[in-house]
Structures are given as C-alpha cells and as structure tokens.
1. Restricting to segment 46-90, count the residues that are more than 21 Å from His183 (Cβ to Cβ), more than 11 Å from ligand 1 (Cβ to nearest atom), of a type outside the set (A, V, I, L, M, F, W, C) and not in a loop (DSSP other than H, G, I, E, B).
2. Answer yes or no as to whether Lys289 is modelled with pLDDT of 95 or more, of a type in the set (D, E, K, R), crowded, with 21+ Cβ neighbours inside 10 Å and not in a loop (DSSP other than H, G, I, E, B).
3. Of all residues in segment 95-139, which are acidic (Asp, Glu), part of a helix (DSSP H, G or I) and either within 14 Å of ligand 2 (Cβ to nearest atom) or surrounded by fewer than 19 Cβ atoms within 10 Å (Cβ to Cβ) (or both)?
4. If we scan segment 75-94, do we find a residue that is within 16 Å of ligand 2 (Cβ to nearest atom), of a type in the set (Ser, Thr, Tyr) and either within 22 Å of the chain's Cα centre (by Cα) or surrounded by 23 or more Cβ atoms within 10 Å (Cβ to Cβ) (or both)?
5. Being in contact with a strand residue (DSSP E or B) (Cβ under 8 Å, 6 or more places away or on another chain) and β-branched (Val, Ile, Thr) is the filter here, so list the residues in segment 147-193 that pass it.
6. I need the strands (runs of 3 or more DSSP E) fully contained in segment 140-233, keeping only those with at least 3 residues that are surrounded by 22 or more Cβ atoms within 10 Å (Cβ to Cβ) and either of a type outside the set (A, V, I, L, M, F, W, C) or touching a residue at least 12 places away in the same chain (Cβ under 8 Å) (or both).
7. Quickly run through segment 140-167 and pick out the residues that are more than 14 Å from ligand 1 (Cβ to nearest atom) and β-branched (Val, Ile, Thr).
8. Please list, ordered by first then second residue, the pairs with beta carbon atoms under 8 Å, 6 or more apart or interchain, first in segment 101-125 and under 27 Å from Pro216 (Cβ atoms), second of a type in the set (Phe, Trp, Tyr) and assigned to a helix (DSSP H, G or I).
Amino acid sequence: MGETDSFFSNKSAKIFVAGHRGLVGSAIVRKLQSLGFTNLLLRTHADLDLTRQSDVESFFADEKPHCVVLAAAKVGGIHANNTYPADFIAINLQIQTNVIDSSYRHGVKKILFLGSSCIYPKFAPQPIPENALLSGPLEPTNEWYAVAKIAGIKMCQAYRIQHGFDAISAMPTNLYGPNDNFHPENSHVLPALMRRFHKAKVEGAKEVVVWGTGSPLREFLHVDDLADAVVFLLGNYSGLEHVNVGSGKEVTIKELAELVKEVVGFEGELVWDSSKPDGTPRKLMDSSKLASLGWNAKISLKDGLIDTYKWYLENVKQ
Ligand SMILES: NC(=O)C1=CN([C@@H]2O[C@H](COP(=O)(O)OP(=O)(O)OC[C@H]3O[C@@H](n4cnc5c(N)ncnc54)[C@H](OP(=O)(O)O)[C@@H]3O)[C@@H](O)[C@H]2O)C=CC1
Ligand SMILES: C[C@H]1O[C@H](OP(=O)(O)OP(=O)(O)OC[C@H]2O[C@@H](n3cnc4c(=O)[nH]c(N)nc43)[C@H](O)[C@@H]2O)[C@@H](O)[C@@H](O)C1=O
C-alpha cells in the first residue's frame, strides 16, 4: 500500500480506526463506510485503553490490522489544555507510542497519525508552511499537547527512515462537526459557543459571555472535509513530511461568535471576558502542499455551522 489507488481497491482490508466515537474518528468511519470499506476494526476506550502497552500489544498481535488511523487522543480546548498539562502530554505520548510501535511490529502496511496546528510556533509565519515546525517557541497554553504531537510526527519519520514503515502524519486545523465535545469549559470554542448561545436562547437570557478579547484569528474545517482528506492521504501520500489540512479561510473569534449567534438564533448581546486567555494570536495553515496533491476543502463555515447545529439539536441532551 502507499501507491496510488491500491488503498481504494481493497475494500475488505482490515482498518483500525482508533478513537472511532470521537469527532474525527466517527467522521472517518462514516467516510470509509460510504466508500464501501467493510472490515473496520473498532474498539471503545472501555474495551481497549490505548495507554496500556501490553493490552495494545496483544490487540495488534491478535487482530493484525492492515491499516491504522490514529484518531484516539486526549483532546480539549484552551482551558483544558492549560489546566491539565500532565494529562495532555502523558496520555498522548502513551497512546501514540503504543499504537505506532505495535503497528510497525505487527505488520501494519500503513498508519496515519493525526497531529494538530498547535505544533507550530506561536509566532510562525502566516500562512504556516509545514517547514515552520520547530522554528520557534510554542504557544504556552498548549505546549504540552504540542510537544506530544511533535513527538508523534517525529516517531512516524524515524520509523520510516529506520524501518521503511509507511507512517504518515496529517496536521488538521481547528475542527468542528457532529460528535464534537460540547462540554461548557473543556471543549473548543465553536461547540462551547453553540451550546452557550442555545442555552441563552432557550432561557431568554440577555447576554452571553465569550472568552478573551475576540481578536484571535482561527481557521475552521468541518470534520467531514477532514475525513475526506485523511482518506485521500491514505490513498495518495507516502512522504516523510507531515501534511497540513486546512480550509484556507480564517475568522476572528468575534466574527465566529457573531456567526454562531446568528445560526443558533440568539438575539442578545455578547460580553467579553478578557480574564480568559486568547491563546495564539493567529494560526492559518498553508495547505498548498495538500492542494498540489489534488485535495481541497468543500464545506463553508456557514453551511458547516448550520449542519452542526441541526446535529446538536437532534443528538445532544438539552
Ligand atoms: N478537535 C479538533 O479541533 C482537532 C483535533 N485534532 C486531532 O484529531 C484527533 C481526534 O480528535 P477529536 O476527534 O477531536 O477528539 P475526541 O475527544 O472527540 O475523540 C478522541 C477519541 O479518543 C478516545 N480515547 C481517548 N483516550 C483513549 C484511550 N486511552 N484509549 C482509547 N481511546 C481513547 C476517546 O474515547 P473516550 O471519549 O471514551 O475517552 C475518543 O473517542 C486527535 O489526535 C486530535 O489531536 C487535530 C486538530 C484539531
Ligand atoms: C485545535 C486546537 O485547540 C486549542 O487551541 P485554540 O485554538 O486556542 O482553542 P479553543 O478552540 O479552545 O479557543 C480558540 C479561541 O476562542 C476563544 N474562546 C472564546 N470563547 C470560548 C469558549 O467558550 N471556549 C473556548 N474553548 N474558547 C473560547 C479562546 O479564548 C481562544 O482565543 C489547543 O489548546 C489545542 O487543543 C489545539 O490543537
């Protein structure tokens, strides 16, 4: 595998999607199923804790998957990253080390590791090219998570160089969509605001508090676009360097808040809580490498928000 279209021609290949109930994993499962893949290997966190090295080892020895997508991780927004640094570095290092190493030793033909745009320096050139990695200091609110993710990229590269193992890494920008985490404090900004505006609308509140100053810029990508890109990379990319996956469009947090407010239909005011951190001022990725391979995002932020709010109303306990 690794050569163009051999991935797509074997629809019965056993593919382990780690983290299949999360935002990203569930979208990848939907995408693979829609393409006719019939042999997906799925384990909940309760069935298989990926931080446990011997359990992961036994699982790979028994199941011998053909291909692995690593979408299991300790994930959260700015507050969670800033509050639980030990969890973010330790759990992520454990999961990715166990899964990448067991994949190599049990004959997996290809693995895709998911990192994040927070791997780049706080003041990286914008849009951020792949080669900005390790060129400056990280954003302090998420440096622990970023260090783990950088180690994952480097582990994939090291296994490719030393063992010829077909391990690739994709770096998505900020994601959103069905099965996101809508926790009031620990989630990312988009689901946090959707939940807060919805609650305010239902309760007839006059104001909604939004964190920070509203000036940071963020790039958002619908998770169905990300899943499409992940499957595209599995079929079309076998390089050493990680690949950025973004929409190429950025908005300020203030613009995002106004858009979520409009989609949800909240009619009150926004109040900014500047005691909360802004995080990195800007992180627009340069996704021209992926574009040159033949992939581009399709879902606009407005359409994606409408789709996600519909999903929220139908699936999240109000
Ligand atoms: N969301 C985003 O904006 C972005 C995400 N990414 C990356 O995408 C990947 C997936 O993120 P996302 O889908 O958002 O995260 P989610 O939190 O939605 O999903 C993560 C999944 O991993 C599982 N998991 C966590 N710990 C373990 C463990 N010890 N053993 C087994 N399973 C475990 C979770 O199960 P459980 O809930 O039961 O613990 C959950 O199903 C991550 O690598 C993340 O860094 C990258 C950029 C942006
Ligand atoms: C994907 C990426 O996500 C994280 O980085 P982040 O982009 O800073 O994440 P965020 O979505 O939590 O915040 C974006 C911006 O939005 C503002 N903001 C306003 N109001 C709320 C709010 O209510 N909740 C949150 N979370 N943020 C809010 C917030 O103050 C910040 O300015 C990384 O830790 C790391 O996990 C990572 O890789």
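1. Summing the residues that are more than 21 Å from His183 (Cβ to Cβ), more than 11 Å from ligand 1 (Cβ to nearest atom), of a type outside the set (A, V, I, L, M, F, W, C) and not in a loop (DSSP other than H, G, I, E, B) in segment 46-90 gives 6.
2. no
3. Of everything in segment 95-139, just one residue is acidic (Asp, Glu), part of a helix (DSSP H, G or I) and either within 14 Å of ligand 2 (Cβ to nearest atom) or surrounded by fewer than 19 Cβ atoms within 10 Å (Cβ to Cβ) (or both), namely Asp101.
4. For segment 75-94, residues within 16 Å of ligand 2 (Cβ to nearest atom), of a type in the set (Ser, Thr, Tyr) and either within 22 Å of the chain's Cα centre (by Cα) or surrounded by 23 or more Cβ atoms within 10 Å (Cβ to Cβ) (or both): present.
5. Ile153, Ile168, Thr173, Val189
6. In segment 140-233, 167-172, 217-222 are the strands (runs of 3 or more DSSP E) which contain 3 or more residues that are surrounded by 22 or more Cβ atoms within 10 Å (Cβ to Cβ) and either of a type outside the set (A, V, I, L, M, F, W, C) or touching a residue at least 12 places away in the same chain (Cβ under 8 Å) (or both).
7. If the condition is that a residue be more than 14 Å from ligand 1 (Cβ to nearest atom) and β-branched (Val, Ile, Thr), then Thr141, Ile161 are the ones that fit.
8. Pairs found: Ser116/Tyr145; Cys118/Tyr145.
The values are calculated or read from the model by the stated rules, or taken from the named source; none is laboratory data. All values derive from a computational prediction rather than experimental measurement. For neighbour counting, all protein chains shown are included, and Cβ atoms are generated from backbone atoms with ideal geometry for every residue, glycine included.
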